[in-house]
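Written below as structure tokens is the structure these notes are about.
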């Protein structure tokens, strides 16, 4: 079992469920460490907004496996950060950089291809300084999972993946104080943010070896099926399929991640918000494919039965969640999903 807690709610004695890395991708705190007061101070100093915890080390083997291994994720993050740094310096992408990106995307595709059915469950924790890089990698992974479910062949998954991993390239040219602003943006600030798809596309448009479909992801990932998006106000089939997929991946990762202006949102809350935009903001086909990869009760969800007993979703046996009943004293104060039935029916 695994719960996600805001860092300011951590207490000594809990056990870290997932390894935490610093801005240089070095281990800050390792999985399985018993949290102490100095660990909490260290997390705050490194601006780690939340962590995954377990009550004790007996649960460490039940932590869900990541979609991709830490080493694959760190490889992708390092390459992406390196390439984006060069792009910002030179306002151009060299062919070797493009080749490196394809290698990065191919590594993710190979990992995904090995698994018959993937449920989307991320437990990466990112510092606020590295948000944009981690977000772009996560969006790439989610978009590829949707693309695989849609039946895209490997070549098309590569084109989708390149577009998705570079979808927010244009944000390199938006002032950080606007991107990281804790409060509501002014109209003028939002107008600046809305320019990032065009900025990103203009950079990619100079790369002759990159397919135009990948470039369009950067330009169109904020377009909406109802024509209310930006920058061009395109509708439905006017928006490239890769951009429609990436738009959904982008929104899902943004909602379920800690941001400078709000804490992470539980997956159930995020799904509810996105379902309300089904067929209007988002493509119904691609949103349904995303939803088919998200369990109703994701691993680590705290639940409460009608008889008052509490538990946590450990894993899935087929389509059915396996729930471990726990002493409420083992769980930190958190919100529970009401199961609406007695714990006797849990098997």
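Worth pointing out:
- Some residue of region 133-151 being assigned to a loop (DSSP other than H, G, I, E, B), over 25 Å from residue 203 (Cα atoms) and either at pLDDT 95 or above or out of contact with any helix residue (DSSP H, G or I) (no Cβ under 7 Å at 6 or more places or on another chain) (or both): yes
- Condition met for residue 237 (part of a loop (DSSP other than H, G, I, E, B) and more than 30 Å from residue 313 (Cα to Cα)): no
- Taken as a whole, region 301-308 holds at least one residue that is under 25 Å from the mean Cα position of the chain (by Cα) and either at pLDDT below 70 or not in a loop (DSSP other than H, G, I, E, B) (or both).
- Pairs where the first residue, in region 258-285, is surrounded by 12 or more Cβ atoms within 10 Å (Cβ to Cβ) and the second is in a helix (DSSP H, G or I) and at pLDDT 90 or above, C-beta under 6 Å, 6+ apart: 265/255; 270/255; 278/284; 278/287; 282/248; 283/244
- Between 5, 28, the distinction of being modelled with pLDDT of 85 or more and part of a strand (DSSP E or B) belongs to 28 only.
- Residue within region 271-285 that is at pLDDT 90 or above, out of contact with any helix residue (DSSP H, G or I) (no Cβ under 6 Å at 6 or more places or on another chain), assigned to a helix (DSSP H, G or I) and closer than 25 Å to residue 155 by Cβ present: yes
- Meets criteria (modelled with pLDDT under 80, part of a strand (DSSP E or B) and crowded, with 18+ Cβ neighbours inside 10 Å) for residue 322: no
- Within region 130-169, the only residue that satisfies the criterion of being crowded, with 18+ Cβ neighbours inside 10 Å and without any contact (Cβ under 8 Å) to a residue 24 or more places away in the chain is 152.
- Candidate set from region 31-61 (those that are within 20 Å of the chain's Cα centre (by Cα) and either at pLDDT 90 or above or not in a loop (DSSP other than H, G, I, E, B) (or both)); member that is farthest from residue 263 (Cα to Cα): 53
- Per-region count, region 199-234, residues more than 22 Å from the chain's Cα centre (by Cα), in a helix (DSSP H, G or I), surrounded by 15 or more Cβ atoms within 10 Å (Cβ to Cβ) and free of Cβ contacts under 8 Å to residues at least 60 places away in the same chain: 4
- Only a single criterion out of (1) touching a residue at least 60 places away in the same chain (Cβ under 8 Å); (2) under 15 Å from the mean Cα position of the chain (by Cα); (3) buried (at least 19 other Cβ atoms within 10 Å of the Cβ) is not satisfied by residue 251, namely (1).
- Long-range neighbours under 9 Å by Cβ, at least six apart or interchain, first residue on the phi > 0 side of the Ramachandran plot and modelled with pLDDT under 85 within region 65-93, second surrounded by 18 or more Cβ atoms within 10 Å (Cβ to Cβ) and assigned to a helix (DSSP H, G or I): 91/203
- Test: residue 98 is in a loop (DSSP other than H, G, I, E, B) and modelled with pLDDT under 80: no
- Residue 172 surrounded by fewer than 22 Cβ atoms within 10 Å (Cβ to Cβ), within 22 Å of the chain's Cα centre (by Cα) and more than 17 Å from residue 259 (Cβ to Cβ): yes
- Among the residues of region 167-183, the ones that are over 16 Å from residue 131 (Cβ atoms) and either touching a helix residue (DSSP H, G or I) at 6+ places or on another chain (Cβ under 9 Å) or at pLDDT 95 or above (or both) come to 1 in all.
The values are calculated or read from the model by the stated rules, or taken from the named source; none is laboratory data. Here the structure is a predicted model, which means the values were calculated and not measured. Backbone-built Cβ (ideal geometry, glycine too); neighbour counts: all protein chains shown.
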